[in-house]
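Notes follow the structure.
The values are calculated or read from the model by the stated rules, or taken from the named source; none is laboratory data. Bear in mind that the values here come from a model prediction, so they are computed numbers and not experimental data. Virtual Cβ from ideal backbone geometry, glycine too; neighbours counted across all protein chains shown.
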Ligand code: WTA
């Protein structure tokens with residue numbers, strides 16, 4: 001199995017993955033020293049007071065609930081689902097599934113026969129419960145001082161106006177709408193408006209290039225597109241509309257024209273007069289949407305009708321359209337949010353992710369609003385105008401739950417404690433982490449400095465595919481171990497298997513798989529159910545294969561060790577090595593490219609590319625720059641290689657496979673650990689690569 005490549009054996013070695021083997025910096029030295037000292041026995045207990053007020057206040061209470069969820073999933077989840085509004089109740093069997101490829105097509109259904117609407121449950125239901133005047137959403141713009149807010153009642157009105165507009169232009173149940181928006185209030189509004197009328201939204205992160213956007217358009221053939229003219233991020237203005245224009249030309253060339261493009265005028269970034277316009281296709285949001293009624297009846301949908309598509313990277317080929325449906329996703333995101341963040345109605349919740357990724361879907365828009373929570377949507381960059389911005393925002397809105405990513409924690413840690421301690425942060429009671437394993441030293445800094453040693457950290461392990469949290473601390477219930485995602489959420493049965501697919505018991509390291517389905521599981525890959533089965537259910541028959549490695553320690557705590565496939569995790573963003581390679585080889589001067597992940601002190605992993613140029617093209621700085629530009633244009637700036645290593649040839653086996661194991665060692669400068677090179681067609685290639693390290 002190729003996934004074994006890149007996996008360490010002992011858990012504490014794996015936790016050193018992020019130490020960074022490039023130039024040792026101040027931060028690296030700290031990480032290294034501490035990670036070596038970190039023991040699995042290192043327990044951090046929640047305060048007595050915290051536990052006493054928590055939904056789940058002891059390991060026993062968790063254990064009881066967990067056992068119930070495993071022994072009687074139908075009863076457990078039905079009970080929770082009954083708290084939502086259903087037009088029609090689901091079939092008595094609650095869940096039907098086949099996740100075993102040996103028994104035929106993989107099929108997962110939850111609450112089949114049930115009829116509901118997730119937008120109704122997120123907005124109308126909370127208003128009916130008397131929360132119409134509660135703030136649903138605080139919006140903080142890129143510039144400090146730029147802000148806005150919406151109550152639940154106001155948010156519903158805005159959602160209804162857009163829903164009515166979309167219906168009016170012919171968007172209906174089952175139609176797809178592409179949303180390419182930055183973190184404006186209009187982004188969650190657009191998602192909810194689609195959900196309200198049964199349309200399928202497909203949000204594309206606004207950092208993706210025109211090429212990536214058009215690729216997604218061509219795949220999902222949207223009825224309409226929603227975007228804006230421009231956005232400011234930090235000191236930069238990004239002209240989104242120009243990207244949209246280019247993408248739409250490309251999609252027309254590919255035979256998928258988009259007839260309607262609704263553009264929000266983001267005035268603080270750019271005036272409409274300076275925006276290029278295609279009459280007949282482009283419509284200003286502000287000109288049409290506010291004219292529509294503020295009430296809109298919902299389209300009741302089957303629990304298994306699709307809610308959204310979200311494209312994510314895999315180890316091969318083009319991005320996959322992960323498909324989530326309505327009922328199970330609703331129940332699962334709401335429940336995980338409630339318990340993993342010990343949500344209380346008085347909380348103000350801030351997730352620093354972007355709605356363009358799954359975290360923003362499940363834990364900015366749906367999970368929190370389904371709970372009637374107050375969310376904060378931040379348009380800007382976390383270090384603008386200075387590295388104290390996050391804590392300024394925390395104090396300004398009295399944020400109680402802060403959910404962010406290790407890459408941001410490490411970046412802010414490097415900026416120094418003074419930026420943090422300058423602010424009160426007294427409102428904070430829970431911190432969260434997602435996107436990649438959090439190394440123990442970043443965990444401790446987050447815990448000690450940001451949370452004043454008061455706030456439990458929910459290190460939530462999950463994926464676009466899982467819809468919601470899978471392995472996560474339940475704050476108040478368990479003592480934590482810095483760097484461990486701890487234990488499974490209710491209803492989740494993680495197993496660790498060896499390369500033959502045998503479950504390993506007790507203390508071990510292996511491939512992380514999941515037994516049985518859960519309500520929030522994805523149901524398919526859009527238009528490619530076969531790829532769904534091949535990628536996730538065939539590698540270890542009988543299980544869902546996560547693509548991650550994992551260790552379990554003697555106390556049963558889980559330690560995620562990172563991807564074991566050809567996916568790199570850069571600043572918490574999933575990027576397939578194959579995607580970057582294909583962007584590089586699209587450059588006319590590039591003959592061949594091989595990409596590997598390499599430890600990066602802030603990003604977690606960086607992108608390291610070995611490139612062979614076509615004969616006769618001299619290796620130059622200019623070519624290097626244009627190769628990087630090619631990746632930015634094809635995918636987006638976040639996928640730009642950190643390093644291009646000139647390669648007269650790429651090491652390959654006799655069967656023509658690239659030896660990534662050796663490339664990873666060269667990239668991380670572990671030159672005395674290259675291992676056996678005798679199976680290469682030409683072992684001297686390795687020496688040539690080593691000789692070019694500093695070129
Ligand atoms: C990684 C993001 C360790 C993991 C929600 C997974 C994590 C991939 C954690 C999914 C965590 C996410 N600890 N690793 N707490 N959270 N990952 O689809 O490798 O963008 O497979 O979903 O991120 O990334 P995705």
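If you check 118, 127 for being touching a residue at least 24 places away in the same chain (Cβ under 8 Å) and buried (at least 22 other Cβ atoms within 10 Å of the Cβ), only one passes: 118.
Could you check, for the stretch 361-379, whether at least one of its residues is over 27 Å from residue 330 (Cα atoms) and either buried (at least 22 other Cβ atoms within 10 Å of the Cβ) or touching a strand residue (DSSP E or B) at 6+ places or on another chain (Cβ under 6 Å) (or both)? Checked the stretch 361-379: no residue is over 27 Å from residue 330 (Cα atoms) and either buried (at least 22 other Cβ atoms within 10 Å of the Cβ) or touching a strand residue (DSSP E or B) at 6+ places or on another chain (Cβ under 6 Å) (or both). A single member of 672, 682 is assigned to a loop (DSSP other than H, G, I, E, B), at pLDDT 90 or above and over 16 Å from residue 566 (Cβ atoms), and it is 682.
For residue 577, the requirement of being closer than 20 Å to residue 492 by Cβ and within 16 Å of the ligand (Cβ to nearest atom) is not met. Selection of the stretch 282-306 for residues being over 25 Å from residue 115 (Cβ atoms) and exposed (fewer than 15 other Cβ atoms within 10 Å of the Cβ) yields 286, 287, 290, 291. Within the stretch 463-513, being under 24 Å from residue 321 (Cα atoms), near the ligand (Cβ under 10 Å from one of its atoms) and out of contact with any helix residue (DSSP H, G or I) (no Cβ under 8 Å at 6 or more places or on another chain) holds for 466, 470, 471, 512. A single member of 362, 274, 315, 268 is under 23 Å from the mean Cα position of the chain (by Cα) and at pLDDT below 95, and it is 315.
Take the conditions surrounded by fewer than 23 Cβ atoms within 10 Å (Cβ to Cβ) and farther than 27 Å from residue 380 by Cα and apply them to residue 170. Does it pass? It is true that residue 170 is surrounded by fewer than 23 Cβ atoms within 10 Å (Cβ to Cβ) and farther than 27 Å from residue 380 by Cα. Of note, residue 596 satisfies the criterion of being in a strand (DSSP E or B), within 30 Å of residue 439 (Cβ to Cβ) and touching a helix residue (DSSP H, G or I) at 6+ places or on another chain (Cβ under 9 Å). The criterion of being over 18 Å from the mean Cα position of the chain (by Cα), modelled with pLDDT of 95 or more and in a loop (DSSP other than H, G, I, E, B) does not hold for residue 287.
Of the residues making up the stretch 514-538, those that are in contact with a helix residue (DSSP H, G or I) (Cβ under 8 Å, 6 or more places away or on another chain), more than 14 Å from residue 493 (Cα to Cα) and more than 14 Å from the ligand (Cβ to nearest atom) are 524, 526, 527, 533, 537, 538. Residues that are assigned to a helix (DSSP H, G or I), under 17 Å from the mean Cα position of the chain (by Cα), within 16 Å of the ligand (Cβ to nearest atom) and crowded, with 22+ Cβ neighbours inside 10 Å are absent from the stretch 347-355. Among the residues of the stretch 411-429, none qualifies, meaning not one is within 16 Å of the ligand (Cβ to nearest atom) and at pLDDT 95 or above.
Per the listing 385, 406, 440, the residue uniquely at pLDDT 95 or above and either within 16 Å of the ligand (Cβ to nearest atom) or at positive phi (or both) is 406.
Table: residues versus (1) within 22 Å of the chain's Cα centre (by Cα); (2) closer than 16 Å to residue 313 by Cα.
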site: 203; (1), (2): yes, yes
site: 209; (1), (2): yes, yes
site: 212; (1), (2): yes, yes
site: 218; (1), (2): no, no
site: 224; (1), (2): no, no
site: 230; (1), (2): no, no
site: 233; (1), (2): yes, no
site: 237; (1), (2): no, no
site: 244; (1), (2): no, no
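Of all residues in the stretch 331-355, those that are farther than 29 Å from residue 46 by Cα and in contact with a strand residue (DSSP E or B) (Cβ under 7 Å, 6 or more places away or on another chain) total 1.
Is it fair to say residue 534 is farther than 24 Å from residue 112 by Cβ, free of Cβ contacts under 8 Å to residues at least 24 places away in the same chain and outside any loop (DSSP other than H, G, I, E, B)? It is true that residue 534 is farther than 24 Å from residue 112 by Cβ, free of Cβ contacts under 8 Å to residues at least 24 places away in the same chain and outside any loop (DSSP other than H, G, I, E, B).
Pairing residues of the stretch 561-573 that are on the phi > 0 side of the Ramachandran plot with residues that are within 7 Å of the ligand (Cβ to nearest atom) and part of a strand (DSSP E or B), at Cβ distances under 9 Å and at least 6 apart in sequence or on separate chains, gives 562/548; 562/569. Is it the case that residue 94 is without any contact (Cβ under 8 Å) to a residue 24 or more places away in the chain, surrounded by 13 or more Cβ atoms within 10 Å (Cβ to Cβ) and in contact with a helix residue (DSSP H, G or I) (Cβ under 9 Å, 6 or more places away or on another chain)? Spelling it out, residue 94 is indeed without any contact (Cβ under 8 Å) to a residue 24 or more places away in the chain, surrounded by 13 or more Cβ atoms within 10 Å (Cβ to Cβ) and in contact with a helix residue (DSSP H, G or I) (Cβ under 9 Å, 6 or more places away or on another chain). Here residue 553 meets each of (1) away from the ligand (no atom under 16 Å from the Cβ); (2) over 13 Å from residue 495 (Cβ atoms); (3) touching a residue at least 24 places away in the same chain (Cβ under 8 Å); (4) surrounded by fewer than 20 Cβ atoms within 10 Å (Cβ to Cβ) with one exception, condition (1). Taking the criterion of being touching a strand residue (DSSP E or B) at 6+ places or on another chain (Cβ under 7 Å) and more than 14 Å from the ligand (Cβ to nearest atom), the residues of the stretch 443-462 that qualify are 447, 450, 451, 455, 456.
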